[in-house]
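Here the structure is laid out as structure tokens; the discussion comes afterwards.
The values are calculated or read from the model by the stated rules, or taken from the named source; none is laboratory data. Because the structure is a prediction, the values reported are computed rather than measured. Every residue, glycine among them, receives a Cβ derived from its backbone with ideal geometry; neighbour counts consider all protein chains shown.
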DNA sequence: GTGGGTGCAAAGTGTTTGCAAGTGT
DNA sequence: ACACTTGCAAACACTTTGCACCCAC
């Protein structure tokens, strides 16, 4: 489980809970600490495992009952790849709208954003009369760098911005 | 189950099976006839029900074993909304790359495409070094027409193109 | 004190699979 | 004939839920 400087995501979620008069239990605290201490995408089962490392009393049921709160807060994103299980993305606290590329060569997931998508929303409003409320874009791609000497920049950036 | 003029989707899939030396059984025929006679998105369970209306001997197992063949052929798309179940889209035979908007007001699913997405792929190649192989874009949107006199054009188009 | 939260295990839901029998080519 | 297919039901994987106890507020 990777570490990162704990930002305000955690505090923002605690505030979200308080606003709904929901309680901060030791188990929820362990789960929340875990979620906002990683940048990785994770599954429910992984979150259980990692949270138990902090507080052994965390149960599977509590993880599954806490995840909807996290997504409802808008601070954690829910992602559907082709898999049966759901993946969760803690990076929505900082970047509410971002998109995902799955690298077909190394499996890495790259996050990106582009102004073109905002433009596309304008086009949709104009042509189809829809006011876009949310979007999720998944792409699979092969790494062109692999085909050149030097290879895949696999261990470099894990998130990129293409503004 | 809606009807439509049966296009070449069915024939293309039969050809796909023949190319893999796979057999055309009566059950598969019922499933294939069903898939390519609708424009609607459907679930595995719906496909089972509709196929059984044509051939009562179709089993759930055969439906589940045939769906991967359909998606592997590229003629049927697999869609992941937030739901646990998968939805299948038979319209990939005609339009291999299209995207989905779910209307928050009436639940209708609108298909669309835009050149901007091809442009985005070019941007991604240039900036991130990824050659995009596939993409899936889901948007949720509210219908602006609803807010004007005349209301939502709900029963009109079910597919739209925004080229 | 009390209403929400918890762990446990059982139940759900959607999908996959082992097996013996059936069938297209 | 042979290998691919099938239906059935059991098995799976993931998620949800009923219940009695617990604890944050």
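Listed residues A:78, A:39, A:111, A:46; which is within 16 Å of DNA strand D (Cβ to nearest atom), touching a strand residue (DSSP E or B) at 6+ places or on another chain (Cβ under 8 Å) and closer than 30 Å to residue B:139 by Cβ?
A:78
For the stretch B:81-123, name all the residues that are out of contact with any helix residue (DSSP H, G or I) (no Cβ under 8 Å at 6 or more places or on another chain), surrounded by 15 or more Cβ atoms within 10 Å (Cβ to Cβ) and under 24 Å from residue A:83 (Cβ atoms).
B:81, B:87, B:89, B:91, B:92, B:100, B:102, B:109, B:121
Could you please find all residues in the stretch B:55-77 being near DNA strand C (Cβ under 9 Å from one of its atoms) and either surrounded by 12 or more Cβ atoms within 10 Å (Cβ to Cβ) or away from chain A (no Cβ under 12 Å) (or both)?
Of everything in the stretch B:55-77, those that are near DNA strand C (Cβ under 9 Å from one of its atoms) and either surrounded by 12 or more Cβ atoms within 10 Å (Cβ to Cβ) or away from chain A (no Cβ under 12 Å) (or both) turn out to be B:57, B:59, B:60, B:61, B:62, B:63, B:64, B:65, B:67.
Condition (residue is at pLDDT 90 or above and facing chain B (nearest Cβ under 7 Å)) applied to the stretch A:92-107: is it met by at least one residue?
yes
If you check residue A:136 against the conditions, is it surrounded by fewer than 19 Cβ atoms within 10 Å (Cβ to Cβ) and touching a residue at least 24 places away in the same chain (Cβ under 8 Å)?
No; evaluated as a whole, the condition is false for this residue.
Does residue B:83 meet the test of being within 14 Å of chain A (Cβ to nearest Cβ), out of contact with any strand residue (DSSP E or B) (no Cβ under 6 Å at 6 or more places or on another chain) and more than 19 Å from residue A:141 (Cβ to Cβ)?
So residue B:83 fits the description; yes.
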